[in-house]
Amino acid sequence: RVLVDQHPDGSLPTAPTQIPTRNNMLSQLGWLCTATKPGDTLVFIFAGHGCQVRTAQGQIEHALVPEDWSEAPDAPLVYEDELHALFRKLPPGSFLTLVMDCCHASNMLDVPCFVDTRERPPRTLTACERPEEVPRTGGSWEKAQIPHAQARARFVPSAVQPAPRQRRTHPGEGAHVNRMTLNPAVTAFCFAACRTAETAMDANIKKHPRGVMSFCLLEALQELKYSSTYETLLNKAVAIIEDIRSKYMPTMDQHIVLTFCPNSAPSQVVVFNEQYATVAQHRLVQQAAASGRPDSPQLTQDGMRQPVRESSTDFVPSPDYGVPGARGEAQLLSRLFLVVHAAYHLGSVTSVPCDVFVVPRVGRQEHRTSTLGGSLDPHWERDNQFTWPITADDRYLELQVRNASNNGDLLGRTTVDLQNLPTAHWDRQQMRLQDYRGNYVGEAELCFDVRLEPQQPRSAPSPERQGPQQQQ
């Protein structure tokens, strides 16, 4: 599938769904990551602009710039955490490759390992940090242009986020804190055009304008007869870009970056070859067997257990993964539905207005409501409906109320024993919040509706039709 803002002949796309707007990009990425099976090979190629965003909390995030972007404060962007949330759905044994020919793309794949090609030979690092803001102006980017090569840096000014937005991953997650969102059994790589502090260049090469990294990768693939490991492809592309730098553009500020899942070494995987999709999964199986833990959270003894993915929201039934009756597969007993309505009396916990969100969790599957800012009695009307498949291993529903403006700190939590829930009808709960020791935190309460539906319904019960009552 291809989204394009302009065809090679200069003509514009006529179909609205073919234009790379924010909504179209996320829709097509959702299609790419949906119903993926072990052994599937996925590729996402983006050639355009990337930018930095300073959030309302003063943090720095990276984003891809869609076609409908403008310099308005609330202009649409595709944020890195939105990509991370999509890629975290991929199952063990799947194979993902990103090619990001834009600035600020080295964090689009949430992994800690990367190859630094500024050094000779390239150096592999196994830890990463959150990037810092790169102060740039239009003048500094103009200096990066190389007129004799018709080369120019791709310039999009840093954006400032006027108000908090709902993140798609938890603030405490990320490879930079050793909690990568990507399943470690996914074989994954990302070619990024440059490091955070550098610029991705366009240039007239062989009489055609093109991205420098795209040209180098295509030339390298052709020289390698389209069959090589990621390490070999990187080294060949780096040799080509260094030749361009030394002969034509000595001031070019760009070094290709390869990031990768720690369980899929670039020297062990052949580019785009589906036979290598399970490299990361196989390595985890070997590590588990060597440590005496053959039944790891991601894999069973035969290494073929399906993923624990995020369940669907808005009362769309979650897909059931795995082969029915397979060894180690938990039997589906019922389905749990939840509507989060409101939190009350948070002022008894803190005197400062909070940016509040709720994280409901069953087992290892969790969701997150939208974040409501500046209130100590927040009421949710959207992004507050969730569902989970329930097996015999699932005992509790846990709901955590957190403060996004203070690094996701816990304000309070409550739990519901699923075995004590009545079945087949909505149950209104208004429960006092506790800390992790079980002590009540002030007078804070959480109000929600919950429903446990036996077996697997063909269609989810609608809250409008079947009753959780609307919160007044």
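The values are calculated or read from the model by the stated rules, or taken from the named source; none is laboratory data. Being a predicted model, the structure only gives us computed values, none of them experimental. Here Cβ is always computed from backbone atoms with ideal geometry, including for glycine, and neighbour counts include all displayed protein chains. The protein model used for the area step is the full one, side chains on, heavy atoms only, and it has no ligands, DNA or RNA in it. Shrake-Rupley method; radii C 1.70, N 1.55, O 1.52, S 1.80 Å.
Key figures for this structure:
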read-out	value
1 or more residues under 21 Å from Arg168 (Cβ atoms) and polar (S, T, N, Q): qualifying strands (runs of 3 or more DSSP E) within the stretch 328-413	385-391, 396-403
Odd one out for Leu421, checked against (1) surrounded by 14 or more Cβ atoms within 10 Å (Cβ to Cβ); (2) within 29 Å of the chain's Cα centre (by Cα); (3) farther than 26 Å from Thr55 by Cβ	(2)
Subset of the stretch 1-16 (residues that are over 23 Å from Phe189 (Cα atoms) and at pLDDT below 90)	Asp5, Gln6, His7, Pro8, Asp9, Gly10, Ser11, Leu12, Pro13, Thr14, Ala15, Pro16
Of residues in the stretch 242-262 being within 19 Å of Asn107 (Cβ to Cβ) and in a loop (DSSP other than H, G, I, E, B), the one most open to solvent (accessible area, probe 1.4 Å)	Asp253
Subset tally (residues that are closer than 17 Å to Met431 by Cβ and open to solvent by less than 30 Å² (accessible area, probe 1.4 Å)) for the stretch 341-385	13
Residues of the stretch 218-230 satisfying the condition of being open to solvent by 70 Å² or more (accessible area, probe 1.4 Å) and either in contact (Cβ under 8 Å) with a residue 60 or more places away in the chain or more than 31 Å from the chain's Cα centre (by Cα) (or both)	Gln222, Glu223, Lys225
Failed criterion for Pro76 (all others in (1) farther than 29 Å from Val270 by Cα; (2) open to solvent by less than 10 Å² (accessible area, probe 1.4 Å) hold)	(2)
Unique residue being at pLDDT 75 or above, open to solvent by 40 Å² or more (accessible area, probe 1.4 Å) and under 30 Å from Gln275 (Cα atoms) when the list is Pro121, Pro171, Pro162	Pro121
Residue in the stretch 191-198 that is at pLDDT below 80, over 30 Å from Val285 (Cα atoms) and out of contact with any Asp or Glu (no Cβ under 8 Å at 6 or more places or on another chain) present	no
Sole exception among (1) in contact with a helix residue (DSSP H, G or I) (Cβ under 6 Å, 6 or more places away or on another chain); (2) of a type in the set (S, T, N, Q); (3) part of a helix (DSSP H, G or I) for Asn107, by number	(3)
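Residues are listed down the side, and each one gets a yes or a no for (1) open to solvent by 40 Å² or more (accessible area, probe 1.4 Å); (2) among the aliphatic types (A, V, I, L, M); (3) under 30 Å from Ala197 (Cβ atoms); (4) within 23 Å of the chain's Cα centre (by Cα):
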position	(1), (2), (3), (4)
Val2	yes, yes, no, yes
Asp9	yes, no, no, no
Ala15	no, yes, no, no
Trp31	yes, no, no, yes
